Amino acid sequence: MARGPARNLLYLYSSRDNFTKVRAFLFPNRFHRADSPNPSNSHPFLTPDSKFCIPPQFSPSHFTQSLNYRCLNFQRHPFSTLVENGTPNLNSAPALESEVTEVDSISDIGLDENGPGNDNLEPEKRLNFAQIDSRDPVEIYKELRDASKSDKQSRSDWDLLIEVFRGFAKSGWASNQALAVYIGASFFPTAAHKFRNFFFKKCKIDIVKYLVFLGPGIEAEKFLFPIFVEFCLEEFPDEIKRFRSMVESADLTKPHTWFPFARAMKRKIVYHCGPTNSGKTYNALQRFMEAKKGIYCSPLRLLAMEVFDKVNALGVYCSLLTGQEKKFVPFSSHVACTVEMVSVDELYEVAVIDEIQMMADPSRGYAWTRALLGLKADEIHLCGDPSVLNIVRKICSETGDELVQQRYDRFKPLVVEAKTLLGDLKNVKSGDCIVAFSRREIFEVKLAIEKYTKHRCCVIYGALPPETRRQQANLFNDDNNEYDILVASDAVGMGLNLHIRRVVFYSLSKYNGDKTVPVPASQVKQIAGRAGRRGSRYPEGLTTTLHLEDLDYLIECLKKSFDEVKKVGLFPFFEQVELFAGQFPDVTFAQLLEKFAENCRLDGSYFLCHHHHIKKIANMLEEVQGLSLEDRFNFCFAPVNIRDPKAMYHLLRFASSYAHKLPVNIAMGMPKCTARNDSELLDLETKHQVLSMYLWLSNHFEGEKFPYVKKVEAMAVDIAELLGESLTKANWKPESRNPGKPRQQENEGGYERPRSLIKLYEQKRQEGFSAGQKLEKNNAHLALIYST
Ligand SMILES: Nc1ncnc2c1ncn2[C@@H]1O[C@H](COP(=O)(O)OP(=O)(O)OP(=O)(O)O)[C@@H](O)[C@H]1O
Ligand SMILES: [Mg+2]
């Protein structure tokens, strides 16, 4: 074993008070034993005068977490590293604990037992280090700046100094801290590099010695950082100014201050908090109808339409405002709108924001947050589950609004049927709603039920227009026909008035665009809760699963209390994006959004809503010349299925015509008859979505650019009808709209639930005798009762 080149060895000088603490930290096992020998003499790394020779794998930063290292004094001294085959190899130094047992003396591993070598520092110099550390960084910076050249350094110091600065340039801590003085993360490495060059040209011996003593790591970074800041302030004023304006223009902190008029009001917030089917919306609407002027904000067009119809029927004149339609009722002082369309300029006596828990929705949450923060209403009624209660409370304390809570219980408890359908769709009964989580499964279930039983099925899923969903709901609710089963997706969870006796989960897993995952408990509760509705044929609700294996998960979900939401969604207004865009005149709109997301600042209670959908449209529209930033922003919010190339093509066409100042035409053939197969049905769905998009655009851009609104409205009505008729007749195997999506396995019968999750539940079931099984064993028919 040969001695390697001289290196620095770190010594730690400890006061008597700290000696035991440091020792315990360095050698926890050995010296905690009651029979420990005299510590100061027994270990090769301990020197008798409270001086610790720190093994190479330790740096001062190791002490920061466990010890108040500022009470300690570190010093570096040269040592020789182990050399094997002529190559220095610090890693081959044994670990600390094994050193204790295997190494007899320091000289055995090539360390300089006598400590200080040429670079040894006297105690006065150690004192000097403390003085350097406590010096004003501004002064140090000025001294460096004004120095004509650097002091001479030894080779070893120089090498270590390079390491220290390399560490600084890569330091996440320093880069983060630099943000506070408006040095952006992308500029930080350049600034750090220039700082290093500056330092090397000017450095003073005492500061170098101190940095060498500290070594690479957080201590050196902390020492250098304020000097770096001074350097940056003087060297990069333009970069700092630019970054500062960029950050300020992407400031989404304190969103409650964005609505000064609402803040000037003393608003009363009433939180109607409870499970599904407990009368929350009903009670909020009572106040809405009593008010002189009211607004109802809905999560869905369908629900806005339902409230519009209901309150007009009760003699309260109410208009309808959704992205796609404006139905103005003369003399109306009330409006039912979708939450995205809410006006924060109008003054209302009562506002209702339904399904307030949607504030936490990753994509649309911002619309609920904006409504809550910005509505100018004396009284705001929030309806929803308890998941956002605490965060609403926090927001109210910031806005200065009064919060009142009204608790609700389900009118009739929800009963879980432990028997399940035993995996056989032949066991469906009149009034059942079979819930599946893909369009494909929905049609497979419908096909199977209609083939093997006497029942007929209505269907409801997200891609259907609200008018068709409503038509299907009415068909199902009506006693006087054979359509007594509903097959639906999670779209059934909100907004429809349905007479469901029993909700049966076909499966409890769902494709999330990436992979198949268990349906979240909150969603399971919401959907199951649709069974049994006050005033309907079935006031008492049941729920179960198709397969016995899924029952435990259903029970688990229903038992689970709502998870508390910690953050709610935000998205910038156009004006904020425009201000931000001023910093980046040359980037595309999609890049601009990306930069905004990277640089925006948010308070802890908020997250920036997903903008994947928006970016995809922005990228597509990049080739369209002549659109202003505001046009692009608005086009990006158009309701389009980004996975449907036909719909995307039409959006591109609309935007191109608009940019060329041409009247935007619909240029789409009208189907003559109902769909005869699944691809014709898909075509009808797409056509309706394109028409709906046209109507949406006509409401969000100057009307005269979209001159065919009347024609498009008529076409949309016709297609919704054709869709309804097609669905009642549909008896074909479904096709996939998205060929990229993995298809579920098929069996002979044509339907097979996803298996991956079953295994998971089976495993769980084997772990214990489940409640569901016990009940099944006792042949209990009705099992557990939940007020979910
Ligand atoms: N006091 C009442 N008198 C008559 N009908 C009522 C009353 N309260 C609620 N209902 C009816 O009960 C049904 C469920 O009420 P509501 O829609 O308000 O429940 P919810 O808690 O908002 O449930 P959801 O989860 O569906 O939003 C509705 O059809 C409603 O009209
Ligand atoms: Mg409701």
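From the list Arg533, Arg537, pick out the single residue that is within 16 Å of ligand 2 (Cβ to nearest atom), surrounded by fewer than 24 Cβ atoms within 10 Å (Cβ to Cβ) and closer than 20 Å to Tyr282 by Cβ.
Working: Arg537 fails: within 16 Å of ligand 2 (Cβ to nearest atom).
Exactly one residue qualifies, and that residue is Arg533.
Taking into account only those residues within the range 182-207 that are over 19 Å from Leu144 (Cα atoms) and touching a helix residue (DSSP H, G or I) at 6+ places or on another chain (Cβ under 8 Å), which is surrounded by the fewest Cβ atoms within 10 Å (Cβ to Cβ)? Outline the logic, then answer.
Taking the range 182-207 and keeping what is over 19 Å from Leu144 (Cα atoms), we get 182-190.
When the remaining residues are screened for being touching a helix residue (DSSP H, G or I) at 6+ places or on another chain (Cβ under 8 Å), the result is 182-185, 187-189.
Numbers: Tyr182: 20, Ile183: 25, Gly184: 19, Ala185: 14, Phe187: 18, Phe188: 22, Pro189: 12.
The extreme case among them is Pro189.
Helices (runs of 4 or more DSSP H) wholly in the range 229-303 with at least 2 residues that are more than 16 Å from ligand 1 (Cβ to nearest atom) and not polar (S, T, N, Q) - which ones? Before the answer, list the steps.
Working: elements: 237-249, 260-264, 280-290.
By residue number, 237-249, 260-264.
Please enumerate the residues belonging to the range 344-381 that are under 23 Å from the mean Cα position of the chain (by Cα), within 15 Å of ligand 2 (Cβ to nearest atom) and either in a strand (DSSP E or B) or among the charged types (D, E, K, R) (or both).
Selection gives Ile353, Asp354, Glu355.
Which residues, counting only those in the range 376-387, are within 11 Å of Val344 (Cβ to Cβ) and surrounded by fewer than 24 Cβ atoms within 10 Å (Cβ to Cβ)? Spell out how you get there, then give the answer.
At the first step, the residues of the range 376-387 found to be within 11 Å of Val344 (Cβ to Cβ) are 376-377.
Passing the criteria: only Lys376.
Check the range 399-417 and report whether any residue there is surrounded by fewer than 20 Cβ atoms within 10 Å (Cβ to Cβ), without any contact (Cβ under 8 Å) to a residue 24 or more places away in the chain and among the aliphatic types (A, V, I, L, M).
No, because not a single residue in the range 399-417 is surrounded by fewer than 20 Cβ atoms within 10 Å (Cβ to Cβ), without any contact (Cβ under 8 Å) to a residue 24 or more places away in the chain and among the aliphatic types (A, V, I, L, M).
Please give the number of the condition Glu685 fails out of (1) closer than 17 Å to Tyr461 by Cα; (2) exposed (fewer than 14 other Cβ atoms within 10 Å of the Cβ).
All conditions are met except number (2).
What is the one condition in (1) at pLDDT below 95; (2) out of contact with any Pro (no Cβ under 6 Å at 6 or more places or on another chain); (3) β-branched (Val, Ile, Thr) that Ile269 does not satisfy?
Checking Ile269 against (1) at pLDDT below 95; (2) out of contact with any Pro (no Cβ under 6 Å at 6 or more places or on another chain); (3) β-branched (Val, Ile, Thr), the one that fails is (1).
Would you please name the residue that is nearest to ligand 2 (Cβ to nearest atom), looking only at residues in the range 506-530 that are of a type in the set (Gly, Ala, Ser) and in contact (Cβ under 8 Å) with a residue 24 or more places away in the chain?
Among them, the one singled out is Gly529.
Exactly one of (1) under 24 Å from Gly274 (Cα atoms); (2) hydroxyl-bearing (Ser, Thr, Tyr); (3) surrounded by fewer than 18 Cβ atoms within 10 Å (Cβ to Cβ) is unmet by Thr369. Its number?
(3)
For the range 150-168, enumerate the residues that are surrounded by fewer than 17 Cβ atoms within 10 Å (Cβ to Cβ) and either more than 50 Å from the chain's Cα centre (by Cα) or within 13 Å of Lys202 (Cβ to Cβ) (or both). Don't jump to the end; show me each part of the working.
Here is the first cut: in the range 150-168, the residues surrounded by fewer than 17 Cβ atoms within 10 Å (Cβ to Cβ) are 150-152, 154-155, 158-159, 162-163, 166.
Across the range 150-168, the qualifying residues are Ser150, Asp151, Lys152, Ser154, Arg155.
Tell me, which residue of the range 557-584 that is out of contact with any Lys or Arg (no Cβ under 9 Å at 6 or more places or on another chain) and of a type in the set (D, E, K, R) is nearest to Val524 (Cα to Cα)? First the steps, then the outcome.
Pass one, the range 557-584, residues out of contact with any Lys or Arg (no Cβ under 9 Å at 6 or more places or on another chain): 559, 561, 563-568, 572, 574-579, 581-582.
Checking the rest, the ones that are also of a type in the set (D, E, K, R) come to 559, 563-564, 566-567, 575, 578.
On the way: Lys559: 11, Asp563: 13, Glu564: 16, Lys566: 21, Lys567: 21, Glu575: 39, Glu578: 40 Å.
Here the answer is Lys559.
Does the range 238-251 contain any residue that is farther than 30 Å from Ala367 by Cα, more than 36 Å from the chain's Cα centre (by Cα) and surrounded by fewer than 19 Cβ atoms within 10 Å (Cβ to Cβ)?
Here is the first cut: in the range 238-251, the residues farther than 30 Å from Ala367 by Cα are 238-242.
Cutting the leftovers down to more than 36 Å from the chain's Cα centre (by Cα) gives us none.
Within the range 238-251, not a single residue is farther than 30 Å from Ala367 by Cα, more than 36 Å from the chain's Cα centre (by Cα) and surrounded by fewer than 19 Cβ atoms within 10 Å (Cβ to Cβ).
Go through Asp345, Asp309 for me and flag whichever is more than 12 Å from ligand 1 (Cβ to nearest atom), surrounded by fewer than 17 Cβ atoms within 10 Å (Cβ to Cβ) and under 20 Å from Val492 (Cα atoms).
On the way: Asp345 fails: under 20 Å from Val492 (Cα atoms).
Step by step, each of Asp345, Asp309 is checked, and only Asp309 is more than 12 Å from ligand 1 (Cβ to nearest atom), surrounded by fewer than 17 Cβ atoms within 10 Å (Cβ to Cβ) and under 20 Å from Val492 (Cα atoms).
The conditions are (1) of a type outside the set (Val, Ile, Thr); (2) assigned to a helix (DSSP H, G or I); (3) under 18 Å from Leu285 (Cβ atoms); (4) within 16 Å of ligand 1 (Cβ to nearest atom), and Ala336 fails exactly one of them. Which is it?
For Ala336, the failing item is (2).
Select, from Phe288, Phe261, the only residue that is in contact with a Gly (Cβ under 7 Å, 6 or more places away or on another chain), in contact (Cβ under 8 Å) with a residue 60 or more places away in the chain and of a type in the set (A, V, I, L, M, F, W, C). Give the derivation first.
Values: Phe261 fails: in contact with a Gly (Cβ under 7 Å, 6 or more places away or on another chain).
Sole residue among the options that is in contact with a Gly (Cβ under 7 Å, 6 or more places away or on another chain), in contact (Cβ under 8 Å) with a residue 60 or more places away in the chain and of a type in the set (A, V, I, L, M, F, W, C): Phe288.
Assuming Phe261 fulfils every condition listed in (1) touching a Lys or Arg at 6+ places or on another chain (Cβ under 9 Å); (2) of a type in the set (Phe, Trp, Tyr); (3) buried (at least 16 other Cβ atoms within 10 Å of the Cβ) apart from one, which condition is it?
Phe261 satisfies all of (1) touching a Lys or Arg at 6+ places or on another chain (Cβ under 9 Å); (2) of a type in the set (Phe, Trp, Tyr); (3) buried (at least 16 other Cβ atoms within 10 Å of the Cβ) except (3).
List the pairs whose first member sits in the range 449-474 and is closer than 16 Å to Leu425 by Cβ and among the acidic types (Asp, Glu), whose second member is surrounded by fewer than 24 Cβ atoms within 10 Å (Cβ to Cβ) and modelled with pLDDT under 90, and whose Cβ atoms are under 8 Å apart, counting only residues at least 6 apart or on separate chains?
Glu450/Asn731
How many residues are within 22 Å of Phe637 (Cα to Cα), polar (S, T, N, Q) and at pLDDT 95 or above if we restrict to the range 358-394?
Qualifying residue count for the region: 1.
Give the residue that is farthest from Met358 (Cα to Cα), with candidates limited to residues of the range 271-318 that are within 13 Å of ligand 2 (Cβ to nearest atom) and of a type in the set (Lys, Arg).
Only one residue fits best here, namely Lys310.
Among the residues of the range 326-343, count how many are among the small types (Gly, Ala, Ser) and under 17 Å from Asp309 (Cβ atoms). Lay out the reasoning, then the answer.
The first filter runs over the range 326-343 and keeps only residues among the small types (Gly, Ala, Ser), leaving 332-333, 336, 343.
Next, only the ones that are under 17 Å from Asp309 (Cβ atoms) stay: 332, 336.
Of the residues in that region, 2 qualify.
The values are calculated or read from the model by the stated rules, or taken from the named source; none is laboratory data. Worth saying up front: this structure is predicted, and the values here are computed from it rather than measured. Heads up, the Cβs are rebuilt from the backbone with ideal geometry, glycines too, and the neighbour counts pull from every protein chain shown.
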